[in-house]
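Working notes for the structure below.
The values are calculated or read from the model by the stated rules, or taken from the named source; none is laboratory data. On a predicted model such as this, the values are computed, not experimentally measured, just so you know. Quick reminder, even Gly has a Cβ in these numbers, built from the backbone with ideal geometry, and neighbours come from all protein chains shown. To get the accessible areas, we keep the full protein, side chains included, count just its heavy atoms, and leave off ligands, DNA and RNA. Shrake-Rupley method; radii C 1.70, N 1.55, O 1.52, S 1.80 Å.
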Amino acid sequence: MSIRRKIIKRKLQWLLRSICFIWALTSIESSAQALRLIGLHESLEAAPKHERVLAALRIAEAADAEIRIADRSPAPMLSASLASIDLEHGLGSGPLFNGKSIDKGLGFDWIWERGEKRALRTSVSKAQALALRAEYQESIKQQQLIIIDLFYETLSAQDRLIILNDLAKSAESLVKLATQRFRLGDISAQDLVRLEIEAERASGDLRQSHWLLDRAKLQLRLAVGSPLGPQVAGSANTDRTKNLLHVRLPNSEDASNRDNQDSLGELSWGVASDWPKVIGVPKVALEKLADETPAVKAAWARLQSAKSQIELARAQDVSDPSYGVGFNHYPGTSKAILGLRASIPLYSKHYFEGEKQRAQALWQVAEAQHAELVRRTVTELEVLYQTRANAYARLTQFENEMLPKSLKVALQAEQAFAKGGQTLTDLLETRRTLKLIQLEALQWRTEFAKAERAWTVRLDRSTP
């Protein structure tokens, strides 16, 4: 009697879950028109609009303004003076400009900048501007790499959800089949309970996969930096979208929570199946490729700026005299008095040794940073190339050999179990092997996609 009660109780549980599933499926289908898919190309186009990238752009624009600041000569000076004011006998009578005994003067002075200081200052600013402009381009690439990583994490979570949903449905079908065989006395109650436990595990994995997908979508939306949803996405009328819409929800509570999120427009979107083509890539000259990256270009521009700063420090040995002319008016003496003046700074030849030493040290720092960055960039490109090659080899092995064999064996095992020619232990082991192979194949496809797209970005090619 206790075994029958357990069976009746589990039947009621499955009936309740089926009702909840049908209700959730109906609510999802009613909102099918709201689900949209965004592609990788669309996501990458949003990278230049991210706040971090825009900040780098503003810094580069400020550096362009520094060029205009540096490329100008010293401004001339206009001066006015009142002199020879007699405090003992007074100023006398009459108008201020014609009668008062005051020496009134108006002067004009300017600095003669020598040693090509202006050209050297401009050269330093131009090199700095080139460096910051290259860093702006590097910030775009870095943001695109972040988006690529999170995009394929989201796409992998979607495919994982579909795989686990199919496994959960298959587990439910096996439970129904086992229940019928239990009534006929073909299997024991213990085997039936084992299958029910396996179905519950599949349901729990599916619930966990829903959470992973939601988290991946939120992180992707943060990296893109713009609203993602129906207002910016493309059409959802694809077979893949239909598979997503018909994914089984584990229970009514999760379905209610996801409906609330979709009603807020937060998660009512998905990513398109933009998997790259699985092809090999020829060997390239990594050193030459590294020199073309924006980061190395920025380091090279800073090195050129440091060289110009050394020349500018040396140019300080050439003094900059100032010249001036003045016109004076003193009533009773002369109506117009012309004055010429000149001033020359007095410093020794070694007066600017500190500036020269500082510029030389900064040049050595820039040279070391450039060499280190080139070496690190070449290493990163080599690692990326090897990662792509390894992922390519593993992916082709899984998809061309292991996955088809696992699917075939799993199908044969289920058919044999339905006819009583397969033990339950062998069936469960076959299903678990299929699950592992499918998820591992998906993982290697994700790794290959990340490396392939990152390699494309590094080569500065358009995403296929």
Problem set entry | Residue check, Arg133 within 17 Å of Arg72 (Cα to Cα), open to solvent by 30 Å² or more (accessible area, probe 1.4 Å) and not hydroxyl-bearing (Ser, Thr, Tyr) | no
For this session: Give me the pairs, please: first residue somewhere in region 383-399 and in contact (Cβ under 8 Å) with a residue 12 or more places away in the chain, second residue anywhere and among the basic types (Lys, Arg), beta-carbon distance under 7 Å, and either six or more positions apart or on two chains.
Result: Leu384/Arg458; Leu395/Arg445
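Each row is one residue, and each column tells you yes or no for (1) exposed (fewer than 15 other Cβ atoms within 10 Å of the Cβ); (2) under 29 Å from Pro276 (Cβ atoms); (3) in contact with a Lys or Arg (Cβ under 8 Å, 6 or more places away or on another chain); (4) at pLDDT 85 or above.
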residue: Ala371; (1), (2), (3), (4): yes, no, no, yes
residue: Val374; (1), (2), (3), (4): no, yes, no, yes
residue: Thr379; (1), (2), (3), (4): yes, yes, no, yes
residue: Leu395; (1), (2), (3), (4): no, yes, yes, yes
residue: Lys408; (1), (2), (3), (4): yes, yes, no, yes
residue: Trp444; (1), (2), (3), (4): no, yes, yes, yes
residue: Phe448; (1), (2), (3), (4): no, yes, yes, yes
Seminar exercise, completed: Of (1) closer than 30 Å to Leu434 by Cα; (2) in a helix (DSSP H, G or I), Gln143 satisfies every one except (1)
Exercise. How do the pairs read when you match residues in region 153-164 that are modelled with pLDDT of 90 or more and β-branched (Val, Ile, Thr) with residues anywhere that are outside any helix (DSSP H, G or I) and buried (at least 21 other Cβ atoms within 10 Å of the Cβ), using Cβ under 9 Å and keeping only pairs 6 or more apart or on different chains?
Worked result: Thr154/Gly270; Thr154/Val271
For this session: Give the residue, chosen from Val378, Val374, Val409, that is touching a Ser or Thr at 6+ places or on another chain (Cβ under 7 Å) and among the β-branched types (Val, Ile, Thr).
Result: Val409
Problem set entry | Test for Lys307: is it within 19 Å of Glu116 (Cβ to Cβ) and open to solvent by 70 Å² or more (accessible area, probe 1.4 Å) | yes
Exercise. Out of region 410-432, which residues are crowded, with 16+ Cβ neighbours inside 10 Å and under 42 Å from the mean Cα position of the chain (by Cα)?
Worked result: Ala410, Thr430, Arg431
For this session: Could you give me the residue pairs with C-beta distances under 7 Å whose first residue belongs to region 133-148 and is more than 18 Å from Ala301 (Cα to Cα), whose second residue is not in a helix (DSSP H, G or I) wherever it lies, and which are 6+ apart or on separate chains?
Result: Gln143/His50
Exercise. Quick one: what pairs do we get from region 56-72, first residue open to solvent by 80 Å² or more (accessible area, probe 1.4 Å), second at pLDDT 95 or above and not in a helix (DSSP H, G or I), C-beta under 7 Å, 6+ apart or different chains?
Worked result: none
